[in-house]
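Have a look at the structure below, then the notes.
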């Protein structure tokens, strides 16, 4: 009982989130005629979870069990997981704010309760994903998040593409889930354990079947690669991003990706990293060549994402391929196997949240007016809707990684980590990919400012709340591009608990 009480103390934010989910469902049943109160209940639940997350300074392992190697737990509660949970909560609060302004969501007022309940289900799955140290919990949390997101992808049912997106997402998700589960079963068969600490220690033994271990590693990575949209597991991304409601597209592009990367980092840290040398580079004790695999996947992901985005005319599809390319950039910080690389990933994710949410918000506000996301609808928009156009340019410049925006700082730390690891060739390839991305980002700017206004040119005047939301996202992108030390310090403190800083 003492162990259970201690475990419940450690996961208080998850408990608060679960209670908020139950309250949300109850309010949905009570206010079944007029559901305008539901978004505010969701917002209060998210804020309460965020408060408990911020005040919870405890660290340790929840749901511990004793064995010959000491006490091990299924859930690691530390500042690293807290960093990603804060990003997820901030993303969730922004999505609720987005939903107030989304015409797609406003048309399904009678199903708002289910919509927010599914979002809370996703959040709960992501919270456990970023903290899981046991393969069974990893799989369960991944499925909890995925099942909610499958339904949300086709939730509005306003167009045929909504159902198509949900079906494709479900099929690809089922295949990747099956592959991952098979890989987990192989590791359990080899080691007799599902805990990553124990598995990592046992597989260092010389008698381990290296072929089976390598095969299991690839299968598990396939499941994680699917969540982070890395090639060649990315095929679902453009169709789902285009077909899903734009609020869910935005959420998948940031929160879901953040949870996937947090899972990958913790998996590698516990599974293959034995120690850290004085220079901050990880000492990897694994016969499986993780570095080569990640280098190939990273280069393939960023190259495919950038080059495929070149000829996209639908802004949601363009940003989907951009998101794939950014997954490749983020993987650069992991493949160097160093403290500096991991620091770069954390910094990049914080700025990626701001600039990607901002870009999708502009697309949503303009899409509310036009009914689609075609790039031709942006002709002359820079002169008729200056606030949205200027903000969009800032977000696009930041996504491209140019100064003086926060996106430049994120990419700078990634390239510094690569140079420190003497991976100059990979750095050059990443730099060339960044140059390629400039073309399709500036193509949007060209449509807004250089293409002539036509009779189809629209004027979008955002409401006060929408204008404030745009500024809330665009101001930090500029501020962190100049004064970024607080962000760097926060990321460093979040890695300290892992013994990496």
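Tell me the residue from 171, 199 that is buried (at least 19 other Cβ atoms within 10 Å of the Cβ) and part of a helix (DSSP H, G or I), please.
Exactly one of 171, 199 is buried (at least 19 other Cβ atoms within 10 Å of the Cβ) and part of a helix (DSSP H, G or I), namely 199.
Sort out which residues of the stretch 188-207 are modelled with pLDDT under 90 and closer than 20 Å to residue 141 by Cβ, and write them in order of number.
193, 194, 195, 196, 197, 198, 199, 200
Could you grab me the full set of residues in the stretch 398-427 that are within 14 Å of residue 438 (Cα to Cα) and free of Cβ contacts under 8 Å to residues at least 40 places away in the same chain?
Across the stretch 398-427, the qualifying residues are 401, 402.
Can we say residue 150 is over 20 Å from residue 269 (Cα atoms), at pLDDT 85 or above, in a helix (DSSP H, G or I) and touching a helix residue (DSSP H, G or I) at 6+ places or on another chain (Cβ under 7 Å)? Can you show your working first?
Details: over 20 Å from residue 269 (Cα atoms): yes; at pLDDT 85 or above: yes; in a helix (DSSP H, G or I): yes; touching a helix residue (DSSP H, G or I) at 6+ places or on another chain (Cβ under 7 Å): yes.
Yes, satisfied.
Among the helices (runs of 4 or more DSSP H) contained in the stretch 323-411, which hold 1 or more residues that are in contact with a strand residue (DSSP E or B) (Cβ under 7 Å, 6 or more places away or on another chain) and more than 17 Å from residue 246 (Cβ to Cβ)?
Working: elements: 339-370, 381-384, 386-400.
Answer list for the stretch 323-411: 339-370.
Go through the stretch 378-399 and give me each residue that's over 25 Å from the mean Cα position of the chain (by Cα) and crowded, with 19+ Cβ neighbours inside 10 Å.
Within the stretch 378-399, the first condition is being over 25 Å from the mean Cα position of the chain (by Cα), and the residues that meet it are 378-387, 389-390.
Selection gives 378, 379, 380, 381, 382, 385, 389.
Being surrounded by 15 or more Cβ atoms within 10 Å (Cβ to Cβ) and closer than 30 Å to residue 243 by Cβ is the filter here, so list the residues in the stretch 202-222 that pass it.
219, 220, 221, 222
Within 23 Å of residue 401 (Cα to Cα) and free of Cβ contacts under 8 Å to residues at least 24 places away in the same chain: which single residue out of 254, 296, 351 fits that description? Give the steps one after another, and end with the answer.
Working: 254 fails: free of Cβ contacts under 8 Å to residues at least 24 places away in the same chain; 351 fails: free of Cβ contacts under 8 Å to residues at least 24 places away in the same chain.
Only one candidate passes the filter, namely 296.
Residue by residue through the stretch 448-466, note down the ones that are under 27 Å from residue 97 (Cβ atoms) and either in contact with a helix residue (DSSP H, G or I) (Cβ under 6 Å, 6 or more places away or on another chain) or part of a loop (DSSP other than H, G, I, E, B) (or both).
Narrowing the stretch 448-466 to residues under 27 Å from residue 97 (Cβ atoms): 448, 458-466.
Correct list: 448, 458, 459, 460, 461, 462, 463, 466.
Taking the criterion of being outside any helix (DSSP H, G or I), under 22 Å from the mean Cα position of the chain (by Cα) and buried (at least 16 other Cβ atoms within 10 Å of the Cβ), would at least one residue in the stretch 468-488 satisfy it?
Step one: list which residues in the stretch 468-488 are outside any helix (DSSP H, G or I), which gives 483-484.
If we keep only those that are under 22 Å from the mean Cα position of the chain (by Cα) too, we end up with 484.
Applying the additional criterion that residues be buried (at least 16 other Cβ atoms within 10 Å of the Cβ) yields 484.
Checked the stretch 468-488: at least one residue is outside any helix (DSSP H, G or I), under 22 Å from the mean Cα position of the chain (by Cα) and buried (at least 16 other Cβ atoms within 10 Å of the Cβ).
List the helices (runs of 4 or more DSSP H) that sit entirely inside the stretch 204-255 and contain at least 2 residues that are more than 22 Å from residue 180 (Cβ to Cβ).
Numbers: elements: 210-227, 236-243, 246-251.
The helices (runs of 4 or more DSSP H) meeting that bar are 236-243, 246-251.
Within the stretch 274-311, count every residue that is out of contact with any helix residue (DSSP H, G or I) (no Cβ under 7 Å at 6 or more places or on another chain), surrounded by 16 or more Cβ atoms within 10 Å (Cβ to Cβ) and part of a loop (DSSP other than H, G, I, E, B).
1
The values are calculated or read from the model by the stated rules, or taken from the named source; none is laboratory data. Keep in mind that what you see is a predicted model, and the values were worked out from it rather than measured. Backbone-built Cβ (ideal geometry, glycine too); neighbour counts: all protein chains shown.
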